[in-house]
Amino acid sequence: MYRDIHYKFKWNGASIEYKDLGEISYSLIKEGEPYQKAMGEFLLDWIDKNDFIPVKTSGSTGEPKVIYLKKQHMVNSAKITGAYFDLWPGQSALLCLPGDYIAGKMMFIRSMVLGLELDWVPPSSTPLKDLERCYHFCAMVPLQLENSLDQINHIKTLIVGGAPVSVALKTKIQDKMTDIYETYGMTETITHVAVKKINNGVKDCFETLPNISIEKDERNCLVINAPNLNNERIVTNDIVELVSDKEFKWLGRYDNVINSGGIKLLPEQIERKLSSVLDQRYFVTGVPDDLLGQKLILLIEGKNEDTDLSERIKTLATLEKHEVPKDIFFVEKFVETVNGKVSRQKTLQEILK
């Protein structure tokens, strides 16, 4: 039941029982920092009479919205994660994500349900700075991993989500002792439903967690069947290649597809190919074109300090002719969603003004 807290659960060194959550939540809301107030409000929702929790979606593919998740489904998600990663009561966990969104909330729920000893630090781009303790389990976004490479061996198992892990970052983690997994999931699936090992035994496809199966719809988009997490099938906009009913390769977003002269281009695949020549943040997208319908363009964050960039892109052996951007634009600062993801649509709108 979602009202149960494992007797071994600790929060910043203190043992916590269900009856303590009310007082803790009020204290966080009244006296805490903004990231603590968000968690306090979540805990108030957790102990109220409802069997559901209101949570915000990230807004990565549209405007953020509030959806309602069953508390028991969140407990089920925690148990599934614990089973997959072999987490046991008394092991240590680090929460370094904000409590506003599902990823931060679920680190807390996992710890309560599984009996982990959870340390909570302010969310920052350098979460392991000044930390000496080693942890069995942690979740980060790619930027946090990028800035923690010197200390990442303090973590046994790390899951990374919120945005795709770049090819360059994957290269940097190959010599790390930590088992690092890229995750696939969303708020509607209560964080990850599939993971992919990206070091120490790299896999090229995502594997679903226990009791979750997958299929494709007529658009070649992923459909998730997870009865313990959601009462309905979840139809996504993610174009995938199915390897089995438990494994898939993520190819890109259906709503990002560019139709250029009758050829359908997947921006995410092109971006992976461009990673060998670009260090700054960037993305490709399509803009209206009289001849092609849409033409492919490249947007790069920062200043143009590479006069040979256009030529090096044209001569990339991995790029097909139709995957070479027709134009390159430099943007001082990309528009971001509220949780730090690049908003492709709003950044493009700024360019087209």
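The aspartates and glutamates whose alpha-carbon is closer than 13 Å to the alpha-carbon of LYS273, local same-chain residues fewer than 8 away aside, are GLU320, GLU323. Once Rh for segment 79-171 is found with the Kirkwood sum over Cα pairs, what is the Stokes-Einstein diffusion coefficient at 10 °C and 1.306 mPa s, in µm²/s? So the translational diffusion coefficient is about 118 µm²/s. Exposed loop sites here mean GluC sites (Glu not before Pro) with a DSSP loop assignment and at most 15 other beta-carbon atoms within 10 Å; the chain contains its longest site-free run at 18-131. In terms of overall dimensions, segment 35-143 has a Cα radius of gyration and Dmax of 14.2, 40 angstrom.
Residues within the reach of a label modelled at THR318 (point 7 angstrom out along Cα to beta-carbon, backbone nitrogen below 15 Å), restricted to segment 188-220, are 204.
Cross-link partners of LYS176 among lysines, defined as those whose alpha carbon lies under 22 angstrom from its own and excluding same-chain residues fewer than eight positions apart: LYS129, LYS156, LYS196, LYS197, LYS203. Computed over the chain, the P(r) tail beyond 32 angstrom holds 34 percent of alpha carbon pairs. Remark: the LYS170-ARG133 segment gains 10.9 nm on full extension, using 0.36 nm per residue and subtracting the alpha carbon distance. Computed from the Kirkwood radius of its Cα pairs, the Stokes-Einstein diffusion coefficient for segment 249-297 at 10 °C and 1.306 mPa s stands at 139 µm²/s.
Only aspartates and glutamates eight or more places from LYS105 in sequence, or on another chain, were considered; those with a Cα closer than 14 Å are GLU41, ASP45, ASP119, GLU188. Extent of segment 119-260 along its three principal axes (Cα atoms, max minus min coordinate, largest first): 50, 39, 27 Å. List the trypsin sites (Lys or Arg not before Pro) within segment 185-224 that fall in a DSSP loop (any state other than H, G, I, E or B) and whose Cβ has at most 15 other Cβ atoms within 10 Å. In loop regions of segment 185-224 (DSSP not H, G, I, E or B), the sparsely surrounded trypsin sites (Lys or Arg not before Pro) are LYS203, ARG219. Which residue fluctuates most in the GNM of the chain (Cα springs below 10 Å): PRO34, PRO98, PRO267? Among PRO34, PRO98, PRO267, the largest GNM mean-square fluctuation belongs to PRO34.
Report the FRET efficiency, 1/(1 + (r/R0)^6), for LYS346 and LEU242, where r is their Cβ-Cβ distance and R0 is 41 Å, rounded to 0.05. In this case the efficiency is close to 0.80. Taking 0.36 nm per residue of separation and subtracting the Cα-Cα distance, full extension of the segment from TYR18 to ALA163 would add 48.9 nm.
Beta bridges assigned by DSSP with both partners in the chain are antiparallel in approximately 65 percent of cases. The value of relative contact order for segment 206-353, using C-alpha pairs under 8 Å at least six residues apart, is 14 percent.
Reported to the nearest whole Å, the Cα centre-to-centre distance from segment 134-202 to segment 271-320 is 27. Using equal-weight Cα scatterers in the Debye expression, the normalised intensity of segment 205-276 in log10 at q = 0.16, 0.22, 0.24, 0.28 Å⁻¹ is -0.62, -0.97, -1.07, -1.26. Under the shape rule built on the C-alpha gyration tensor, where the axes satisfy a ≥ b ≥ c, segment 63-125 is oblate, since a/c reaches at least 1.5 while a/b does not exceed b/c.
Long hydrophobic helices in the chain, taken as whole DSSP H segments with a C-alpha length of 20 Å or more on their own axis and mean Kyte-Doolittle hydropathy at least -0.5: 71-85.
The accessible surface of segment 185-280, taken with every protein chain in place and a 1.4 Å probe, is 44 percent carbon and sulfur. In plain terms, if you count all Cα to Cα distances in segment 261-353 and split them into 5 Å steps from zero, the share in each step is 3, 12, 25, 25, 20, 12, 3, 0 percent. Using a cut-off of 28 Å between Cα atoms, the listed pairs LYS172/LYS216; LYS303/LYS341; LYS79/LYS346 include LYS172/LYS216; LYS79/LYS346 as exceeding that distance.
The values are calculated or read from the model by the stated rules, or taken from the named source; none is laboratory data. Keep in mind that this is a model prediction, so the values were computed, not measured. Quick reminder, even Gly has a Cβ in these numbers, built from the backbone with ideal geometry, and neighbours come from all protein chains shown. Just the protein is used for accessible areas: all its heavy atoms, side chains included, with ligands, DNA and RNA removed. Shrake-Rupley method; radii C 1.70, N 1.55, O 1.52, S 1.80 Å.
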